Amino acid sequence: MINRKMTNQAYHAHHALGSTDIKTVLKTTVAHWKHGPERKDSAVFDLGSAVHAGLLEPEKDLIVESEYKTRMGKGWQAAYSQAKSDDKILLPQGDYAVCQEMIGSALKDAEFRTLLTDPTAWKEVSIITKDPETDLDIKCRPDLYLPESGMLLDVKTTATASPEEGGFIRECFKFNYFAQAAFYSHVLRSEGLPVKGFYFFAIEKEQPYACQLFRVGDDLLELGAKQINTALADIKRAKEVNRYDTNWPKIATLTMQQQF
């Protein structure tokens, strides 16, 4: 199913497995995925969502500048809750200014701007389908998809967009972005859509708000594909027996080597 009108809230509320579910299982266990706490709102998450909205769906005016300078107090909480119910993103004044700077910097990148303004591009389109191996419902909502070329792109707000060793590549391993890239590719292919390349567009969250376009190498996509197959199989087994365990040993040994 391809849904162009589904809101972000409706998408996240849908029961199908998304990349966050997969990454949670890979980082922890199916027990933590099933019974762990829900993700809480945060300044970092809101800023990233606002940048996405400003770049990909500017016509919807989803970003709202608050009259408050901080995220403290009952006034802020009431305004934040109201904005969320209206499917808006409320930002304190300082964060709003940073958000606009990041959006402006991204739009100065000629390559990214060309992709963003491509008339054939799908932006924030919800795709919900079945995993052919496990028959589990799976979903993704790519930031940008060009169906004619099969190009998938995800926007990332990041501490560093550097292409050098120890730069954005470290962020990718830290947050397992490669599993996300492989999962998005898998969802689209399962729905019969072509995928011929996955890209990240990284935007730094501090001045000079530097940007960099990255293509994900085939070796990293293969690594991500193995990871998502493992996670989907673990979830399927847990659902079949209705048991969501950590599968940790009864006794684990602590060693010096674990620190390195």
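The values are calculated or read from the model by the stated rules, or taken from the named source; none is laboratory data. Since we're looking at a predicted model, the values are computed, not measured. Please note: Cβ atoms are built from the backbone with ideal geometry, for glycine as well, and neighbour counts cover all protein chains shown.
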Which one of the conditions (1) basic (Lys, Arg); (2) in contact with a Phe, Trp or Tyr (Cβ under 7 Å, 6 or more places away or on another chain); (3) farther than 15 Å from residue 124 by Cα does residue 205 fail to meet, given that it meets all the rest? (2)
For region 91-107, state whether one or more residues are in contact with a helix residue (DSSP H, G or I) (Cβ under 7 Å, 6 or more places away or on another chain), polar (S, T, N, Q) and modelled with pLDDT of 95 or more. no
Subset of region 234-260, residues exposed (fewer than 15 other Cβ atoms within 10 Å of the Cβ), aliphatic (A, V, I, L, M) and in a helix (DSSP H, G or I), comes to 241, 256
So residue 86 passes all but one of these: (1) under 18 Å from the mean Cα position of the chain (by Cα); (2) at pLDDT below 95. Which condition number does it fail? (1)
Candidates 136, 153 - the one that is under 21 Å from residue 7 (Cα atoms) and not charged (D, E, K, R): 153
Among (1) of a type in the set (Phe, Trp, Tyr); (2) touching a Ser or Thr at 6+ places or on another chain (Cβ under 6 Å); (3) at pLDDT below 95, where does residue 175 come up short? (2)
If we keep just the residues of region 186-204 that are touching a residue at least 40 places away in the same chain (Cβ under 8 Å) and of a type in the set (Gly, Ala, Ser), which is nearest to residue 135 (Cα to Cα)? 190
What are the residues in region 90-112 that are surrounded by fewer than 13 Cβ atoms within 10 Å (Cβ to Cβ) and under 30 Å from residue 215 (Cβ atoms), if any? 104, 108, 110, 111
Please count how many residues of region 217-255 are within 10 Å of residue 25 (Cβ to Cβ) and either more than 25 Å from the chain's Cα centre (by Cα) or without any contact (Cβ under 8 Å) to a residue 60 or more places away in the chain (or both). 0
For region 114-122, indicate whether the set of residues that are closer than 22 Å to residue 16 by Cα, within 18 Å of the chain's Cα centre (by Cα) and crowded, with 17+ Cβ neighbours inside 10 Å is non-empty. yes
